[in-house]
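Any read-out appearing in this document is the output of simple, stated calculations on the displayed coordinates, not a laboratory observation. This one's a predicted model, so the numbers in the text were calculated from it and none came from an experiment. Cβ placement follows ideal geometry from the backbone for every residue including glycine, while neighbour counts extend to all protein chains displayed.
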Amino acid sequence: MLQTFGDWVRAEIFAAAIITMVFAVLERTQARLKLVDKWDIRSLPPVPKQPQPPSRIQSVFELVFAIIGLFWLLLVPYFPFLILGPAAAFLQASPMWDTFYLPVVLLTLLGLARDCFTIARPDLTWFPACGRLMQTVLSPTFAVAGIFRFFSDHSRA
């Protein structure tokens with residue numbers, strides 16, 4: 001375990017060093033080529049005054065793929081091959097699966113409801129963004145609650 005952690009730390013340091021060197025070279029090259037000097041803020045397009053309603057086609061495709069994803073998610077407990085592939089022959093889901101499965105299904109249903117509402121009321125341009133924000137806030141909340149629940153259940157055992 002410690003060796004794996006050490007390897008991970010070395011890999012992270014190496015990646016950070018490479019990224020730093022790449023950006024240092026880019027910064028030096030940009031200074032010599034003066035690429036930024038040719039840029040003008042007035043060449044940017046104007047900012048739209050009102051938020052654009054989501055396209056109907058985009059909303060329909062989001063709904064279709066959300067339904068497909070929900071069906072896939074509902075089939076996974078009965079057909080583990082869908083998530084594990086050929087490894088399903090010798091692997092099985094961990095006990096943590098039961099802790100996270102229901103919240104993931106609920107978040108998927110929330111996204112499905114948001115997509116349905118967006119198709120029904122495209123004039124409410126604020127709703128898709130608020131729905132995504134709510135889903136983004138609930139996802140880590142469910143994850144943290146699930147982790148605490150899993151460890152509290154297993155610490156008593």
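So here's what we get for this one:
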quantity: Anisotropy class of the chain from Cα gyration tensor, a/c 1.5 cut; calculated: oblate
quantity: Amide H contacts of ALA93 (H built 1.01 Å from N, under 5 Å, at least 5 apart or other chain); calculated: none
quantity: Taking the chain and dividing mean pair separation by its residue count, relative contact order in percent (alpha carbons under 8 Å, at least six apart); calculated: 24
quantity: Computed FRET value (nearest 0.05) for LYS38 with ILE18, which takes r as the C-beta separation and R₀ as 35 Å; calculated: 0.75
quantity: Residue with peak Gaussian network fluctuation, the chain [Cα springs, cutoff 10 Å], from PRO86, PRO122, PRO103; calculated: PRO86
quantity: FRET efficiency for MET134 and TYR78, using Cβ-Cβ distance with R0 set to 35 Å, rounded to 0.05; calculated: 0.75
quantity: Stretchable slack from ALA145 to CYS116, in nm (0.36 nm times residue separation minus alpha-carbon distance); calculated: 7.7 nm
quantity: Selected from TRP126, PRO45, PHE5, residue furthest toward positive end of dipole (the stretch 1-136; charges at beta carbon); calculated: PRO45
quantity: At R0 = 35 Å, FRET efficiency that the Cβ-Cβ distance of SER152 and PHE61 yields, to 0.05; calculated: 0.30
quantity: Distance (nanometres) between label positions extended 7 Å along Cα→Cβ at VAL105 and GLN92; calculated: 1.9
